[in-house]
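Undergrad: A single structure is presented below for examination.
The values are calculated or read from the model by the stated rules, or taken from the named source; none is laboratory data. As the structure is a prediction and not an experimental result, all values here were calculated from the model. All Cβ positions, glycine included, derive from the backbone under ideal geometry; neighbour counts span all protein chains shown. The area values use the complete protein model at the heavy-atom level, side chains included, leaving out ligands, DNA and RNA. Shrake-Rupley method; radii C 1.70, N 1.55, O 1.52, S 1.80 Å.
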Amino acid sequence: MPLTHVGTVALVTPRLALRRLRMEDAGDMFRNWAGDAQVARYVTWQAHRSEEDSRAFLEGVVSGYDRPDRYNWGIVFAGDLIGTIGVVRISEADGNCEVGYCLGRRWWGQGIAAEALGALCDFLFGQVGFHRIAAVHDPANPASGRVMQKAGMTCEGTLRQQRFIKGRFVDAVVYSILRDEWEERA
């Protein structure tokens, strides 16, 4: 089944706006999440040391918006840019993708990440046509797994030392949701 790539289009939920990132977001990105070592603790990237680090990241994201198969959003809550969510890996042949998200610490525990992830799954199944959406988290970060569960994903298991992050091998707990499971929830 071919995918229908439409690129990063604006998405809205009851509390959130998911929108394309812009170069002028560098300051908010650095202050609200990317410069926080606690936020970066379980992800593949190092905490940004300055707005320049955030600007360099944004250059890659913004230039990717020219491609219809690139999906990266900023998460806006109560008028503030507080995190990102997007597709980190696509397998066209299998109709599968992996998603990832990151949220500023001040907004943890409010259901925001789960709401954004639910909206992303709705979009990726309903508009793009994926068959399976997966996400992974470090077992030392169980809160991320709870976000995935709230968004309707099922834990598939743990891949032992599957990722090399920040100089060490770490396990990856894999969650996914299939198109038919999403359709049952809709």
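Undergrad: Assess whether residue 53 counts as being out of contact with any Asp or Glu (no Cβ under 7 Å at 6 or more places or on another chain) and under 16 Å from residue 24 (Cα atoms).
TA: yes
Undergrad: If residue 82 meets every condition in (1) of a type in the set (A, V, I, L, M, F, W, C); (2) touching a Phe, Trp or Tyr at 6+ places or on another chain (Cβ under 7 Å); (3) open to solvent by 10 Å² or more (accessible area, probe 1.4 Å); (4) more than 25 Å from residue 1 (Cβ to Cβ) apart from one, which number is that one?
TA: The one condition residue 82 does not meet is (3).
Undergrad: Pairs needed: first member in the stretch 48-65, without any contact (Cβ under 8 Å) to a residue 24 or more places away in the chain; second member anywhere, open to solvent by 40 Å² or more (accessible area, probe 1.4 Å) and in a loop (DSSP other than H, G, I, E, B); C-beta distance under 8 Å; at least 6 residues apart or different chains.
TA: Listed by first residue and then by second, the contacts come to 64/70.
Undergrad: Say we look at the stretch 111-121 and pick out the residues that are touching a strand residue (DSSP E or B) at 6+ places or on another chain (Cβ under 8 Å) and open to solvent by 10 Å² or more (accessible area, probe 1.4 Å); which of these is nearest to residue 44 (Cα to Cα)?
TA: Among them, the one singled out is 113.
Undergrad: Are any residues in the stretch 132-186 touching a residue at least 60 places away in the same chain (Cβ under 8 Å), of a type outside the set (Lys, Arg), under 19 Å from residue 88 (Cβ atoms) and not in a helix (DSSP H, G or I), and if so, which ones?
TA: Those that are touching a residue at least 60 places away in the same chain (Cβ under 8 Å), of a type outside the set (Lys, Arg), under 19 Å from residue 88 (Cβ atoms) and not in a helix (DSSP H, G or I): 137, 138, 141, 165.
Listed here are the residues, each with its yes/no results for (1) buried (at least 18 other Cβ atoms within 10 Å of the Cβ); (2) hydroxyl-bearing (Ser, Thr, Tyr); (3) modelled with pLDDT under 95.
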{"residue": "21", "(1), (2), (3)": "yes, no, no"}
{"residue": "62", "(1), (2), (3)": "no, no, no"}
{"residue": "65", "(1), (2), (3)": "no, yes, no"}
{"residue": "75", "(1), (2), (3)": "yes, no, no"}
{"residue": "89", "(1), (2), (3)": "no, no, no"}
{"residue": "100", "(1), (2), (3)": "yes, no, no"}
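Undergrad: Looking only at the stretch 1-19, how many residues end up being open to solvent by 40 Å² or more (accessible area, probe 1.4 Å) and either farther than 15 Å from residue 84 by Cβ or not aliphatic (A, V, I, L, M) (or both)?
TA: Qualifying residue count, the stretch 1-19: 10.
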